[in-house]
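Novice: This is the structure I want to talk about, given as structure tokens.
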Amino acid sequence: MLAASMPMAGLTRSLPVFNGAAVVTGVSLNYALEGNPHPETLVIGVVLILVAIILTFVSRNAPDAPCAPRGLAKEALGSVHILSYTNLTTLAPQNISERGMEELPLNSDPGSSSEDLEECVKCIPGGPVVQGLILCAISGSIDGCWSVFATGASMRGLDHYVACFYMCLGFLVPLFTCELLLFCSNPAKFIAECRRLTLGSFLMTALCGFLNIFGIITYYAATSTISATVAFAIFLCTPLVSISIGVRCFRELNDEPRAKHVLVFTILALYVVAILVISANALISGTDD
């Protein structure tokens, strides 16, 4: 769901909403399962993330949309293209070519996946950006549940790395299911897309998978010394990375008004403060012990 919604909502809109929803869900459910001696820091962190999610939704307003902000707020929140997937695919080849890395694989047809998805999300009110953000929130809420099952397994004596192994195996089931459904819905298009794959594309996606699994392993390692509630919140701090890459590497805020810079860095600051507050929970709990 996240991969399908990114072309609709934008790279650094999608990830903050996805991870924010996952953190809110995971922290809340883990707290209900294992408790915490200092819940006030968890509440503050979750509230800050919720505010960041709301700001991300607000930023999707188009300049001429009904009830769009006026004046300075309109300038800050008006563009649907700020830090968007479209900007990413447009800016990346320009910046990469300057560094002599023309062979980096990119999606040459970013609109195709969003066109396919539009047929599946017509029941969701709003335009493509709103629909993409809602899909991100739903997928993030679902993703936030896996940590609770992992915590429950550990509380019943299952070793962390055993749980991690079976969890990674479980990833294969929905992946193969989705691929099978895509193939059955349009075999010719599925085969054509497979033939478009290059060695560079394969290596890039393999690297993404490796980094994702490595991150999960480090999460399980962290839960041996700190609570799963805190570990999960810190584990899902990827909006810090995605926003930083969008701004620094792809220069998506170049030539944008100052108000747009303020909005993006406000969202970034909210995530930073939220993670610091939740991290402080582990330090306080460690001092109590």
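The values are calculated or read from the model by the stated rules, or taken from the named source; none is laboratory data. It should be emphasised that the depicted structure is a prediction, and the values quoted were computed from it without experimental measurement. Positions of Cβ are generated from backbone atoms using ideal geometry, with glycine treated the same way; all protein chains shown enter the neighbour counts. Accessible surface areas use protein heavy atoms only, side chains included; no ligands, DNA or RNA. Shrake-Rupley method; radii C 1.70, N 1.55, O 1.52, S 1.80 Å.
Novice: Based on this model, can you work out whether A3 counts as in a helix (DSSP H, G or I) and either open to solvent by 10 Å² or more (accessible area, probe 1.4 Å) or over 15 Å from S139 (Cα atoms) (or both)?
Specialist: Judged against the criteria, A3 is a match.
Novice: Now a separate question. Working only within segment 233-258, note down all residues that are touching a Phe, Trp or Tyr at 6+ places or on another chain (Cβ under 7 Å) and over 17 Å from V273 (Cβ atoms).
Specialist: Passing the criteria: only F235.
Novice: Looking only at residues that are open to solvent by 70 Å² or more (accessible area, probe 1.4 Å) and part of a helix (DSSP H, G or I) in segment 254-272, which one is farthest from I234 (Cα to Cα)? So that I can check it myself, show each step before the final result.
Specialist: We begin by selecting, within segment 254-272, every residue open to solvent by 70 Å² or more (accessible area, probe 1.4 Å); these are 254-255, 258, 262, 265.
Cutting the leftovers down to part of a helix (DSSP H, G or I) gives us 258, 262, 265.
Working: R258: 30, V262: 24, F265: 19 Å.
My answer is R258.
Novice: Of everything in segment 226-240 that's assigned to a loop (DSSP other than H, G, I, E, B) and modelled with pLDDT under 85, which residue is nearest to A153 (Cα to Cα)?
Specialist: First, the residues of segment 226-240 that are assigned to a loop (DSSP other than H, G, I, E, B): 226-227, 236-237.
Next, only the ones that are modelled with pLDDT under 85 stay: 236-237.
Details: L236: 20, C237: 24 Å.
The extreme case among them is L236.
Novice: If you don't mind, another one. Quick test of your reading of the structure: F210 fulfils all but one of (1) open to solvent by 70 Å² or more (accessible area, probe 1.4 Å); (2) within 20 Å of the chain's Cα centre (by Cα); (3) more than 30 Å from A282 (Cα to Cα). Name the failing condition by number.
Specialist: (3)
Novice: Residues in segment 197-207 that are without any contact (Cβ under 8 Å) to a residue 40 or more places away in the chain and surrounded by fewer than 12 Cβ atoms within 10 Å (Cβ to Cβ): how many?
Specialist: 6
Novice: Turning to a different aspect of this structure: Evaluate the following for A282: is it open to solvent by less than 40 Å² (accessible area, probe 1.4 Å), at pLDDT below 85 and outside any loop (DSSP other than H, G, I, E, B)? I'd like the intermediate steps shown before the answer.
Specialist: Numbers: open to solvent by less than 40 Å² (accessible area, probe 1.4 Å): yes; at pLDDT below 85: yes; outside any loop (DSSP other than H, G, I, E, B): yes.
The answer is yes for A282.
Novice: Continuing with the same structure: Looking at T56, T25, which one is assigned to a helix (DSSP H, G or I) and at pLDDT 90 or above?
Specialist: T25
Novice: Using the structure shown, decide if F190 is surrounded by 12 or more Cβ atoms within 10 Å (Cβ to Cβ) and not aliphatic (A, V, I, L, M).
Specialist: Answer is yes for this residue.
Novice: OK, next. Is it the case that segment 241-253 has a residue that's closer than 21 Å to S154 by Cβ, surrounded by 18 or more Cβ atoms within 10 Å (Cβ to Cβ), within 20 Å of the chain's Cα centre (by Cα) and not acidic (D, E)?
Specialist: no
Novice: Of the residues in segment 153-181, how many are polar (S, T, N, Q) and either in contact with a Leu (Cβ under 9 Å, 6 or more places away or on another chain) or surrounded by fewer than 12 Cβ atoms within 10 Å (Cβ to Cβ) (or both)? Write out each step before concluding.
Specialist: So in segment 153-181, the residues polar (S, T, N, Q) come out as 154, 177.
Now drop any that are not either in contact with a Leu (Cβ under 9 Å, 6 or more places away or on another chain) or surrounded by fewer than 12 Cβ atoms within 10 Å (Cβ to Cβ) (or both), which leaves 177.
Qualifying residue count for the region: 1.
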